[in-house]
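A quick write-up on the structure given underneath.
Here, each number is a calculation from the coordinates, and none is a lab measurement. Predicted model only: the values in this text are computed from it and were never measured. Backbone-built Cβ (ideal geometry, glycine too); neighbour counts: all protein chains shown.
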């Protein structure tokens, strides 16, 4: 079904309308009237005759045509009957503002499922429950009880928090920032942020989509939709709840390094969504992209009348990956001709405190016309010598056709309020502080990269080599196994083609010595125990053991572990040939409940958690994404480019191994966590060697 009834309905029925001011049902009727909605409005209340001059109907069955949308504000237990009546009346869209559903516990969740079942039976779509409704300033539709009515604009806002939505609409009204659409999703029992993102992509009034997200219901669908929409309509997301409640004991390094927040960051990055880290950044970025074209590159000229704020701006721009190159002599001479000799003509270009509106205009024109800069950030600190409104108008004149963006930072409050409002009228992004502007400019540039290099749907990996592993892992899962010990896991990995170093599970000293006699040393000797996962932590690993000393190491390591972990059951040792020289890395997987397998890459070894030199992606992904993971870590850059005399590593073999881990995770959903650490990456053309591995059960499937 089309979502048109939630944008431009032909008739709105309000079930639970009230004649009493202060009641939510009264506020919805009042907002529909004062927002200028032109369609028929049908208040429904069996105990009233007229509300705000409108005829009241006792029930939905008696409402005449046309009516496309029902807004329902009644106690939760009455909702099933009301929704069923709407379906029988032929209404196919409902916004449920009432609470008392999944947000209050199991009984509420069951009630929510019941109304969802009713809606599906009638081919009806729902917004909510537990929301504040929908709002379209362009059509006058306002089914909310929010006090302020935003101006029409081109920024859409989707929120899983009704209260936050109301507060931000109030703020946007005060800032003169217009909205194209607002939807309070509430519990999102039916329609989700993904549905509205898809619909808003073809909305002629929406140029930017912003969304406040507490959780995403279908991660893969969200990513697929965002990849389709983001190159055309910027999506800016504020995701909250990034820390997992409570301290959960995790079994692998991958789990402790990669949690819910990392999964969302990876998913946003892969699908072209710009992530905001605060409410302020969400709307700062939105106006940057709604008002002007994004910068073509990272070079920003700072124009200012105050040195301190300009220094703050320069630092903030650098922290956000932007550049502030100094002007060349030709630009300096043009600035001297326009401003005289007194300004400081570096970057920042400081025109000193008495800088006038004509000087701001002249300098901005020169900088915008120069090929040396991609954007201009103009800073104004108010004083008795300048006119903020005049400076705002000057910057607008300098902006010209808007082919190159100009951003403003008007610092202060009382003295610059009118100037800020004038900048919004001129569609010049304006910020309270330089740091806010720097983040917004950087985010605008990130979206330009999305537009120029749209994220492609990832190729589906070949999982057939890993399918034979699944029955054995399923069997172990049925036995209640929490994780697989090396002696169980290594043979499975070798069968699937993972490049493990030669090894043996030695349950006797004789077996350990026999293995060592057949391979050139040295060797690693590692404790074998179903009760010990991180062997290095208790002295359960000895490296560089000569062949002649493997037998001694067999007894020594078990004695050491018995002292450190007396309750652990010891089975013997793993003897493994030491890999040749190379760079230690980690490749891991954690199954995220929203997006599926999240793959980790980074610097490996025993210090991986302390160093946190890691990057993440949601599987599956392309070779390009895998290489980008490498480029986001110190260890990966060493392998890509070499370092301090070390030649580049075998990146091709490493990328192939990363894809193997992703394919294994997709083929065997019973794995909750999987980790290769360390993997030794040898020189170019010399391959990679897996030295250790662990797998944790519990992924489901």
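Points to keep in mind about this one:
- Sorted peptide list for 88-98, 222-232, 623-633, criterion being average Cβ within 10 angstrom, highest first: 88-98, 222-232, 623-633
- Largest first and in whole Å, the equivalent-ellipsoid semi-axes of the range 378-490 read 60, 19, 10, each the square root of five times a Cα gyration tensor eigenvalue.
- Calculated translational diffusion coefficient of the range 498-644 (10 °C, 1.306 mPa s; Stokes-Einstein with Kirkwood radius over alpha-carbon pairs) equals 92 µm²/s.
- Backbone N within the range 573-597 under 19 Å of label point (7 Å from residue 534 Cα along the Cβ vector): 585-591
- D_trans [Stokes-Einstein, Kirkwood Rh over alpha-carbon pairs] for the range 462-535, 4 °C, 1.567 mPa s, µm² s⁻¹: 91 µm²/s
- Taking all Cα-Cα distances within the range 583-697, those exceeding 25 Å account for 14%.
- With a simple spin-label model that places each label point 7 Å from the Cα along the Cα-to-Cβ direction, the separation between residue 38 and residue 107 comes to 4.7 nm.
- With 10 Å bins beginning at zero, the pair-distance distribution over Cα atoms of the range 293-452 amounts to 12, 46, 37, 6, 0 %.
- Pairwise FRET efficiency - residue 482 versus residue 61, Cβ, R0 = 56 Å, nearest 0.05: 0.45
- Contour excess over end-to-end distance, with Cα ends at residue 261 and residue 318 and 0.36 nm allotted per residue: 18.0 nm
- Kirkwood-based shape ratio for the range 502-578, expressed as Rg/Rh from alpha carbons: 0.94
- The range 56-107: C-alpha gyration tensor shape, a/c 1.5 cut-off, then a/b vs b/c: prolate
- The angle between the Cα long axis of helix 219-229 and the longest principal axis of the Cα atoms of the chain comes to about 50 degrees, rounded to the nearest 10.
- Seen against the Cα atoms of the chain and their longest principal axis, helix 307-319 is set at about 50 degrees.
- Mean projected area in nm² (Cα convex hull; one quarter of hull surface) for the range 118-220: 6.8 nm²
- Axis angle, to the nearest 10 degrees, between helix 486-495 and the longest C-alpha principal axis of the chain: 80 degrees.
- Ellipsoid semi-axes for the range 409-559, based on the Cα gyration tensor and the rule √(5λ), read 61, 23, 16 Å when sorted largest first.
- Extension gain, residue 49 to residue 78: 0.36 nm times the residue separation minus the Cα-Cα distance gives 8.3 nm.
- Label point at residue 427 placed 7 Å out along Cα→Cβ; residues across the range 442-458 whose backbone nitrogen lies under 11 Å: none
- Each residue, residue 474 and residue 337, gets one label point 7 Å from its Cα in the Cβ direction; the gap between the two is 7.9 nm.
- q = 0.25 Å⁻¹, the range 582-632: log10 I(q)/I(0) [Debye, one scatterer per Cα]: -0.98
- Working from label points 7 Å from Cα in the Cα-to-Cβ sense, the residue 511 to residue 344 distance is 7.3 nm.
- A Förster radius of 35 Å, combined with the Cβ-Cβ distance separating residue 556 from residue 611, puts the computed FRET efficiency at roughly 0.75.
- Each pair of Cα atoms in the range 645-701 enters the Kirkwood radius, and Stokes-Einstein at 10 °C and 1.306 mPa s then converts it into a translational diffusion coefficient of 128 µm²/s.
- Relative pair counts by distance (%), Cα atoms of the range 280-323, 5 Å bins: 5, 18, 20, 28, 24, 5
- Surface/4 estimate of mean projected area, convex hull on alpha-carbon atoms of the range 4-240, nm²: 12.1 nm²
- Relative to the current alpha-carbon distance between residue 456 and residue 30, full extension at 0.36 nm per residue lengthens the span by 148.8 nm.
- Computed from the C-beta positions of residue 623 and residue 397 and an R0 of 56 Å, the FRET efficiency is 0.70 to the nearest 0.05.
- Distance between the range 22-93 and the range 313-340 - C-alpha centres, whole angstrom: 59 Å
- Structure-derived Rg and Dmax of the Cα atoms in Å - corresponding label in (i) 38.8, 124; (ii) 34.5, 110; (iii) 31.0, 99: (iii)
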